[in-house]
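Colleague: Starting off with a structure, shown below.
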Amino acid sequence: MMKKSGLISLIVAACCLIAVPPLAAQQSQQGQQYDYQQQSQGAADFEDKDLEKFAEAKTEVDEIRSKYSDALGRVDEPKKARELQDKYGQQMVESIKEKDLSVEQYNQISRAMQGNPDLKEKIDSMAN
């Protein structure tokens, strides 16, 4: 049986994948740097209306993620943890789609935001 802390870490990590998919393990440091530069440069390609949708969706996704983490902390069984992951993961996807964004668009903006402090600041100001 998996220890509770190990299970929680595993599930939380899996849940976070919806926001930022991992880079390929085989990608080199140089390739990763290029990706971040490319994401930062492409940030200007996002329309303000899409950034506003993203900011709203991100607020909801963060709230769902927090509820998920709280609920997961009270679970000892892997089966129940998977059920929670499915439930909360679906809620995150629905929240994103309700804002008229695809999960792919959400992830693109999220990745661009990580590589561009100005974009992050702009999105943060839209969320407040």
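Colleague: Step through the residues of the stretch 70-77 one at a time and calculate ³J(HN,Hα) from phi using the Karplus curve (6.51 cos²θ - 1.76 cosθ + 1.60, θ = phi - 60°), rounding each to whole Hz and writing x for Gly and Pro.
Modeller: 4, 5, 5, x, 9, 10, 10, 9
Colleague: Could you work out the relative contact order of the stretch 54-128, using alpha carbon pairs under 8 angstrom and six or more residues apart, expressed as a whole percent?
Modeller: 43
Colleague: Shifting gears a bit: How many percent of all Cα-Cα pairs in the stretch 68-128 sit more than 13 Å apart?
Modeller: Value for the stretch 68-128: 71 percent of Cα pairs lie more than 13 Å apart.
Computed from the coordinates by the stated procedures, all read-outs in this text should not be read as laboratory data. Quick caveat: nothing in here was measured; it's all calculated off a predicted structure.
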